[in-house]
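Data block below; observations after.
Just so it is clear, none of the values below were taken in a lab; they were calculated from the coordinates. Everything numeric in this text was worked out from a predicted model, so none of it was measured. Here the Cβ is made from the backbone with ideal geometry for all residues, glycine too, and neighbour counts use every protein chain on show.
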Amino acid sequence: MTTARVAQIKANLSVYLKQCEQEGPVVITRNGKAVAVLLAPQDEEDLERLILARSPRFQALLEKSRQSIREGRGLSHKEFWKVVEQRHRRKKPSA
């Protein structure tokens with residue numbers, strides 16, 4: 001993993017982009033402290049995971065769901081798939 005100052009990144013962005021694609025993350029520092037990470041996603045799914053992992057809205061939704069489960073308001077595995085099947089049937093166009 002490489003570490004570079006903001007000024008270095010600004011002056012040589014394309015070099016660091018290539019480096020993070022080939023060698024892994026580049027930690028960007030300002031005044032000696034890490035302020036960002038330059039990271040090349042491996043594919044679309046990886047990009048989506050990275051974005052969702054840092055999304056306050058998504059994290060709040062997950063926490064709300066976890067709280068609901070802790071309070072006993074979750075669905076069993078069987079109930080969940082029953083609801084999915086019902087919704088799927090409603091969305092199918094009539095033939």
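Quick notes
- Only one of (i) 47, 30, 18; (ii) 57, 40, 18; (iii) 70, 29, 15 was calculated from the structure for Cα extents along the principal axes in Å, and its label is (ii).
- Segment 1-40: translational diffusion in µm²/s, Stokes-Einstein, Kirkwood Rh over Cα pairs, 4 °C, 1.567 mPa s: 133
- Loop-located GluC sites (Glu not before Pro) in segment 1-54 (DSSP state other than H, G, I, E, B) with a sparse environment of at most 11 neighbouring Cβ atoms within 10 Å are absent.
- With helices as the sole contributors, the chain gives -18500 deg cm²/dmol at 222 nm; each DSSP H run of n ≥ 4 counts as -39500 (n - 2.57), and the sum is divided by every residue.
- Restricting attention to the chain, close to 55% of DSSP beta bridges with both partner residues there are antiparallel.
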